[in-house]
1. Would you mind getting me the FRET efficiency between residue 253 and residue 358? Use the beta-carbon distance for r and R0 = 41 Å, nearest 0.05.
2. Extension gain residue 370-residue 69, at 0.36 nm per residue separation less the Cα-Cα distance, in nm?
3. Using the per-residue mean of other Cβ atoms lying within 10 Å as a proxy for protection, in what order, highest first, do the peptides 546-557, 834-845 fall?
4. Work out from phi, with θ = phi - 60° and the Karplus expression 6.51 cos²θ - 1.76 cosθ + 1.60, the ³J(HN,Hα) of each residue of the range 131-137, listed in order in whole Hz, and give x for Gly and Pro.
5. Express in Å², to the nearest 10, the accessible area of residue 576 obtained by rolling a 1.4 Å probe over the protein heavy atoms while all chains stay in place.
6. Give me the dipole magnitude in Debye, nearest 20, for the range 648-744 about the Cα centre, with unit charges on the beta carbon: positive for Lys and Arg, negative for Asp and Glu.
7. Using Cα centres only, tell me the gap between the range 501-576 and the range 7-86 in whole Å.
8. How much of residue 612 can a 1.4 Å solvent probe reach, expressed as accessible area in Å² and rounded to 10?
Amino acid sequence: MPSSLLLEVPALAEFNKTCGELSDWLTLLDRVIKAQIVTVGDVEEINDMIIKQKITLQDLEKKRPHLEELITAAQNLKNKTSNPEARAIITDRIEKIQNQWEDVQCHLQNRRQQLQEMLKDSNQWQDARREAEQVLERAKGKMDNWKEISYTVDALKKQNADLKQFCKEIRQWQINVDAANDLALKLIRDYSTDDTRKVELMKDSINTTWTRINKRVSERDAALEAALRLLQQFYLDLERFLAWLTEAEITANVLQDSTHKDGVMEDSRGLRELMNQWQDLQGEIDGHTEVFHSLDENGQKMLKSLEGSEDGVLLHRRLDNMNIRWNELRKKSLNIRSHLEASTEHWKRLHVSLQELLAWLQLKNEELKHQAPIGGDIPKVQIQNETHRVFKREVKAKEPVIMSAVDTVRIFLAEQPFERLEKLYQEPTEMHADDQGKNVSKILHKQVDDVNTEWDRLNVSSAEWQKKIDEALERLQELEEAMDELDHKLHHAEAMKGSWQPVGDLLIDSLQDHIGKIKTYRADIAPIKNNVNQVNELAHQFSATDIQLSPYNLSRLEELNTRWKLLQVSIDERIRQLHEAHRDFGPTSQHFLSTSVQGPWERAISPNKVPYYINHDTQTTCWDHPKMTELYQSLADLNNVRFSAYRTAMKLRRLQKALCLDLLGLSAACDALDQHNLKQNDQLMDILQIINCLTTIYDRLEQEHNNLVNVPLCVDMCLNWLLNVYDTGRTGRIRVLSFKTGVISLCKAHLEDKYRYLFKQVASSTGFCDQRRLGLLLHDAIQIPRQLGEVASFGGSNIEPSVRSCFQYANNKPEIEAALFLDWMRLEPQSMVWLPVLHRVAAAETAKHQAKCNICKECPIIGFRYRSLKHFNYDICQSCFFSGRVAKGHKMHYPMVEYCTPTTSGEDVRDFAKVLKNKFRTKRYFAKHPRMGYLPVQTVLEGDNMETPVTLINFWPVDSAPASSPQLSHDDTHSRIEHYASRLAEMENSNGSYLNDSISPNESIDDEHLLIQHYCQSLNQESPLSQPRSPAQILISLESEERGELERILADLEEENRNLQSEYDRLKEQHDHKGLSPLPSPPEMMPASPQSPRDAELIAEAKLLRQHKGRLEARMQILEDHNKQLESQLHRLRQLLEQPQAEAKVNGTTFSSPTSSLQRSDNSQPMSLRVVGSQTSETMGEDDLLSPSHDTSTGLEEVMEQLNNSFPTARGNHVGSLFHMADDLGRAMETLVMVMTDDEVME
């Protein structure tokens, strides 16, 4: 809308706003209506949705007065304005709102009507489905009652009649199934926009069951027809077979009589003809063998049906008669063959016959073994069963042959005496006649026994194999039925699972209902577990019987188990997702925190509930809140603060304000902690617990400071900060003690109240605290500066020295009480000094001092005021002091006092007196009487003394460039620095000094630290092109910077030398001017004589003069020695400085001398002051002031290795010599200053 219209009609803006709000509400309502999808066929859910639609319609009607008011307002606006464009816009807007209202109302009414029709159709379908299911159950019941097929005419007729009646019922029941299918198809067709998967599932289930019923009916009908045909054909076949059997018996009898006639055996032609007739007879017998077995099997089936009846008895007799006659016929045929083949060598034929039978039996035994093992599925076992049935038929057919052969041999042995056997045994041998006969008999007897043994073994093995086949087939059928049933139930359950809507598409209000439905669903499918166990147990039984299931059955078994497991996992995952959605979007969720960020940022939640943030513009993610990132970037402005305690405190103060914790009182914080029952300090808090507690805190702050606290933003920011401090790995859990330490440290409370509260958290019920508990507290506290990268200045992350310091203060008691802890904390130990400094920074923010800064001329001074205790009326503001600026005539090592509140007259008088005293004090006094504003607790491996100026501190800082704080984005900076320090200590202990042997170990360690600092500073330069790539380049760059500095140092030393020489000459002239000459020493034994008082005074004065003379002579000798030593050292320094220049000119490159870069600081202060400063305990941590950026990629060990490899041996000796001479020079200057100071005092 044009802005000119808004200016012309001011009420139009309000009208547009109201229209927009109503339009947004209607749009949202329309989306909700479209998103409300129901499960078709679920009557209960449809009823619930109808109720919701009714409520929504009522809400819409309640909004109608609002619409009418808007229409009235539009009419009034049109009446008030004469602008046709405005009138047209108003008319268009109101018409759109009305049309949108009508559309939403129409959608609601149509949806409600549709739901009512759906409810009606669903009820009809449910009724039809229940009827169809009842029909199916009845059909299943009748089929289960079916008996086995009988092979009697009456029974078959009755079973056939029952089946036809059942088929009629099936055709009638088809109507019910079709009706259910038609209604299901109607639901699927008419309500396709809703969830119809339940209807489809039920329809498929009914149709599948109905198809199975029809299939079983067809199979039953076919089996009855086959049984009837068999019954009719059996007796016909039996009569034909018996008729043939009678003819065959007659033929066999005639043939047998012919073979027993006299003279037949001598007639070869007649014998041959009889043999041909026998072969014809045997061929017919072999041809009817299959018919016999078929009749026998079918007869046995019929006998089961006719058991107990007269027909059954008659049939049994006929079958037995048929079997006897059949066996007799086969035996008679064999006897005929034996008789025809009889000759003088009859025993040999018997022997060959038995050998053939043995070979056949062994072959069958091997064949039976090859049928193993049992197959792993029903088709294979059925094939094995059929194979074995044929095998048994062959064995049974061979039985008469074997029995006949055995009987023949026995008859032969019984009829033939030994004499005859001897004649038959015609093999040439020397054996006795009786022995020969016995040998023939023994051979035949053994063969008969072997045949009997093999035959019995074959029958037993065949019976056992058949038993295994029957058992395996039964178990496999049971397993298959169990798997089919399990598969059907799983399919039904999976179909229900498939109807689940994605959790993201569900309405928030319906989440709890869906959770209840899922739990009900889990209870409904719980019985499937029994089916799974049954299937697994059945499968396990096969392994116990050495039956290996087929790959198909194994894969199907694994598939069923996997489907069941996946179903359970899906249910658990669904419940978890619903619970998480309910938790994330419910009243106790993080959903309200999504407003803490603005576009293009989006707040997201990781699986462990830790928030992270997505930038859709850059398509990146980060753990830090965008506002937290901006805050960290703004903290870089404080890196110009030289003193780490104040730098840390000022950063924490800015963080405290950003988190609104400066508004939180200690009592309010304690109430919130108690409200959430956070009493177990060792307990872990998850993200939701932290959010809930922070929400309680900030809700209360919002009530007290409505315009200052944005609850979602503050909760998210504070959560972000706590995770950065105590959970850098983003595990989603921090300890309760850590949470309390972080919140209480930054809240608004008296410092000692904080100390008392924190001590109470780690103290026992008796009020005492041991070392372990105190260590936990200090560990959590030191994490706060550690997160800012300032931990090295506070003694490092190792809190053991601080704990030891506290208990040493308490005389090494095993436990300390609160009073001792408070006394120790009042000393401001190095690891905790940042907390009282934070309080002073907060107190100084509003302080206004009626004084003018002598450097920047600011008046009045706002914040900290630093008053010199060396000069009268000299003040510095905090900006100048923190940046290291000084005025002419004042040096940073002069003592100063800090004020965070306006001074009183008493303080002014006290400071005046101190300035007056300091006017008469020398540097040596301040060196011997150092005063520190904190309790140092550093270890060998971590942290030097820091530079916190508190109350009255003698400063010895260096005029260096401000040290940069470490980058806040690197959480492991402190770890790298600690690692460097540890490696330095290890290497120094094992290898000694890194440089020349003339350098002391302490100096070596300091020098190495300085080298690392210079190297890291060089890596932290703004221009990547200017960064050196090796330690050699570092030294070269430092040489060029230090050349002028060393020249100034040499000039200062020469000036000092001249001053010392003039002082020496002055002292010598004074001595000569007094005209003192050496007096003879008094004798050892001097006679006592009375002396006048005047003589006594003269003697005493002479003694004093002699003593003074001796001291002056000794000191002059010392001065002369030092002067010579100094001149030689200066000469060597000049040679070393000039030598590299000459070498560089030869090579065409200009280099500066490799000066003592390891002892170099960033200032140009004289070495004498450096030495004194280093010997004073309040150096204020030069290493801390010079601390480089910790964001370095090269470890200490690598740096030292590069240094050792970067210089030739000769050059290394020069650098070492330079270090050695610089050290000697410093010690010489120190001695000179001490001598001069003593001389001034004596004078």
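1. Numbers: r = 32 Å, r/R0 = 0.77.
Efficiency computed from Cβ-Cβ geometry: 0.85.
2. Numbers: separation 301, 0.36 × 301 = 108.36 nm, distance 9.68 nm.
Residue separation times 0.36 nm, minus the Cα-Cα distance, leaves 98.7 nm.
3. Working: 546-557: 15.1, 834-845: 20.9.
Ranked by mean Cβ neighbours within 10 Å, highest first: 834-845, 546-557.
4. Calculated HN-Hα couplings, in order: 4, 4, 5, 5, 4, 5, 5 Hz.
5. Taking all protein chains as shown, residue 576 has close to 100 Å².
6. On the way: 10 positive and 10 negative charges, 85 e Å.
In debye, rounded to 20, the range 648-744 gives about 400.
7. 47 Å
8. Near enough 60 Å² of accessible area.
The values are calculated or read from the model by the stated rules, or taken from the named source; none is laboratory data. All figures in this text were calculated on a predicted structure; none of them were measured in a lab. Cβ atoms come from the backbone with ideal geometry, glycine included; neighbour counts cover every protein chain shown. SASA here: full protein model, heavy atoms, side chains in, ligands and nucleic acids out. Shrake-Rupley method; radii C 1.70, N 1.55, O 1.52, S 1.80 Å.
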